[in-house]
């Protein structure tokens, strides 16, 4: 029995280690922890309940941005795959392309995304079916790539054009945005005039 508990703890740690110390109820059960034992581990101080169905190993060092992993796990589907991709102002901040510091976490989810529970106040959802080519990784979570982020913000009109122009310049300088992406955006984006205004003098 003791060896069984050790093996379960080891499996859970391996799962949580890849998720900044976080894990879900289903993941704990898959590791070997029966659901009726979960309250014990919370009261014993082994686990911290962060949200409905999401826990954190109390002994695991807290990362710089634990909130990113928490709400990424919140967006998971029934197969335990995260659906959310951090985007818009949040993606801009994660790519360190601007001083914009959003008060809330912006996340793009598939159009089919549904939640029975209330959406957390800290999260702003945007609905779109993102192609894999528009998705990258930052801080261990999925995030829209810089060019997609710029186009989303341009469409939303919530960030000044001058700020987005600076973002594009910085993205080009650091190799995060390629000139080919700009040409592609000009070709396929619905609002060509707005794009020309944005990229004027930037990609010359």
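As I understand it, the value is the acute angle between the Cα axis of helix 161-174 and the longest principal axis of the Cα atoms of the chain; what does it come to in degrees, rounded to 10?
70
Going by how many other beta carbons lie within 10 Å of each one, how would you line up 144, 163, fewest first?
Ordered by Cβ neighbours within 10 Å, fewest first: 163, 144.
If I build a Gaussian network model for the chain, linking alpha-carbon pairs within less than 10 angstrom, which residue out of 101, 69, 147 has the largest mean-square fluctuation?
Checking each option, the largest mean-square fluctuation is seen for 101.
For the chain, what is the calculated [θ] at 222 nm in deg cm²/dmol (nearest 500), taking -39500 (n - 2.57) for each run of four or more DSSP H residues and dividing by its residue count?
Per the formula, -12500 deg cm²/dmol.
On C-alpha positions alone, give me the angle between the axis of helix 2-17 and the longest principal axis of the chain, in degrees, nearest 10.
For 2-17 against the chain, the angle is about 10 degrees.
Among 23, 127, 113, 33, what is the fewest-to-most ranking by other Cβ atoms within 10 Å?
127, 113, 33, 23
Considering only 165, 178, 121, give the residue with the highest GNM mean-square fluctuation for the chain, with springs between Cα atoms whenever their separation is below 10 Å.
121
I want to verify a result. In a Gaussian network model of the chain, Cα cutoff 10 Å, which of these has the top mean-square fluctuation: 116, 46, 36?
Judging by the Gaussian network model, the answer is 116.
Quick check on the exposure proxy: order 170, 50, 118, 17 from fewest to most C-beta atoms within 10 angstrom.
The most exposed by this proxy come first: 118, 17, 170, 50.
Students often get this wrong, so try it: which of (i) 72, 47, 36; (ii) 68, 33, 27; (iii) 50, 39, 30 is Cα extents along the principal axes in Å as calculated from the structure shown?
Read-out from the structure maps to (ii).
Rounding to the nearest 10 and keeping the result within 0 to 90°, find how far the Cα-based axis of helix 146-156 lies from the longest principal axis of the chain.
Computed tilt is about 70 degrees.
Here, each number is a calculation from the coordinates, and none is a lab measurement. Predicted model only: the values in this text are computed from it and were never measured. In this analysis, Cβ positions are derived from the backbone assuming ideal geometry, glycine residues included, and neighbour counts consider all displayed protein chains.
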